[in-house]
Amino acid sequence: MTYDVLIIGSGPAGLSAAVYAKRAQMKAAVIEKEFMGTGQIALTDEIDNYLGLPGISGYDMGEAFRGHAEKLGVEFIDGEVIGVAKDGGLFTVSLGDGTALESRTVIYAAGAEHRKLGVAGDDLPGVSYCAVCDGSFHRGKTVAVAGGGDTALGDALYLTKLCEKVYLIHRRDEFRANKTVQEKVRECEKIELVLSAKVKEIRGSSKVESIVVDQGGSERELAVSGVFTAIGSVPNTAVLEGLCELEGGYIKAGEDGRTSCEGLFAAGDVRTKSLRQIVTAVSDGANCVDSVEKYLLGE
Ligand SMILES: Cc1cc2nc3c(=O)[nH]c(=O)nc-3n(C[C@H](O)[C@H](O)[C@H](O)COP(=O)(O)OP(=O)(O)OC[C@H]3O[C@@H](n4cnc5c(N)ncnc54)[C@H](O)[C@@H]3O)c2cc1C
């Protein structure tokens, strides 16, 4: 069987594409590697910037997005995509279990993954990329958050609900996060700012026990039970290397999702753009299906 479109990833971009593709009566399926995955939003405590849904939890939003697609009868395929190849006018999408699927077009919406600190000890148990998932393991303890953007500050605030104390470590003396969140952080007594500080090492025999920072040339060792890393992400584009043009690891594509490989479209955090958010991912999914329709009609 040949699909009209295979959508890779069931985050906001992939699910939005799925809803639009289903409504356009395309033969479509969504491939997702995580069980019932809904993408990065599942890691988010509270989302306060999606129009009409102030304060919704990431989990609830993910369930609503996926539920919408399921209600329309979208086909979901569990599996990790390990290869995408094009031969003639058709794509072959290979999964980790050996399955090969054929499609006339592909919407690639595989999002991004967390960037590691790249220091000794960054793989110790207790190093986490998800405050919402792992915060409760540190109830009543002291933890560190590394980063200076919205995610880092949001994580620090969330962790104060559970932890005794939170060190917020940032390599600059100013944050990139939005001003409202910055104000909340500066007013919070449980957060100690450790600014202009570079993480040098995470120490512990079998799990995290402390974090070492270099602050203006002098070294500080802070006793913590966990380190939450929020220093950005890297796009999941390894399987596309050689197939389409990438820029800094991101798929080079505009708002219509068209890539340098005809029939391959990119949606969400994986593509070159300046604002990587839920609202832009959802909009990319819709735009990609519009582009797929035009492509299939030969426009
Ligand atoms: C902690 C945190 C807080 C955030 N808070 C906000 C916020 O408040 N507001 C906001 O607008 N945005 C927020 N964001 C950003 C937002 O979550 C992303 O912009 C959005 O999720 C991007 O959607 P996406 O569909 O492009 O990718 P993703 O959400 O990354 O989804 C990609 C999906 O593809 C799957 N996948 C990856 N590789 C493969 C493969 N090889 N095979 C099969 N499946 C694969 C993944 O498992 C995943 O489910 C936050 C992000 C994080 C991490």
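The values are calculated or read from the model by the stated rules, or taken from the named source; none is laboratory data. Note that this is a predicted model, so its numbers are computed, not measured. Counting neighbours? That spans all protein chains shown, and the Cβs are built from the backbone with ideal geometry, glycine included.
General observations
- Lone unmet requirement of (1) without any contact (Cβ under 8 Å) to a residue 12 or more places away in the chain; (2) assigned by TED's automatic domain parsing to the domain that holds Arg276; (3) within 16 Å of the ligand (Cβ to nearest atom) for Thr180: (2)
- Selection within the stretch 46-77 - within 11 Å of the ligand (Cβ to nearest atom) and either polar (S, T, N, Q) or touching a Leu at 6+ places or on another chain (Cβ under 9 Å) (or both): Ile47, Asn49, Ser57, Gly58, Met61, Gly62, Phe65, Arg66, Ile77
- Matching residues in the stretch 97-121 - criterion: being assigned to a loop (DSSP other than H, G, I, E, B), touching an Asp or Glu at 6+ places or on another chain (Cβ under 9 Å) and in contact (Cβ under 8 Å) with a residue 60 or more places away in the chain: Ala109, Ala110, Gly111, Lys116, Val119, Gly121
- Check on Gly96, of a type in the set (Gly, Ala, Ser), more than 18 Å from Val279 (Cα to Cα) and surrounded by fewer than 20 Cβ atoms within 10 Å (Cβ to Cβ): yes
- Residue check for Ser10: of a type in the set (Ser, Thr, Tyr), farther than 30 Å from Lys179 by Cα and near the ligand (Cβ under 7 Å from one of its atoms): yes
- Of all residues in the stretch 133-156, exactly one satisfies the criterion of being touching a Lys or Arg at 6+ places or on another chain (Cβ under 6 Å) and buried (at least 22 other Cβ atoms within 10 Å of the Cβ), namely Gly148.
- Residue in the stretch 77-84 that is touching a residue at least 60 places away in the same chain (Cβ under 8 Å), at negative phi and in contact with a Gly (Cβ under 7 Å, 6 or more places away or on another chain) present: yes
- Selection within the stretch 13-44 - within 14 Å of the ligand (Cβ to nearest atom), part of a helix (DSSP H, G or I) and more than 18 Å from Arg276 (Cα to Cα): Ala18, Val19, Tyr20
- Scope the stretch 204-229; condition surrounded by fewer than 17 Cβ atoms within 10 Å (Cβ to Cβ) and touching a strand residue (DSSP E or B) at 6+ places or on another chain (Cβ under 9 Å); matching residues: Lys207, Glu209, Asp214, Gln215, Gly216, Glu219, Arg220, Glu221, Ala223
- The strands (runs of 3 or more DSSP E) found wholly in the stretch 193-299 and carrying at least 2 residues that are modelled with pLDDT of 95 or more occupy 197-203, 210-215, 218-223, 226-229, 264-266.
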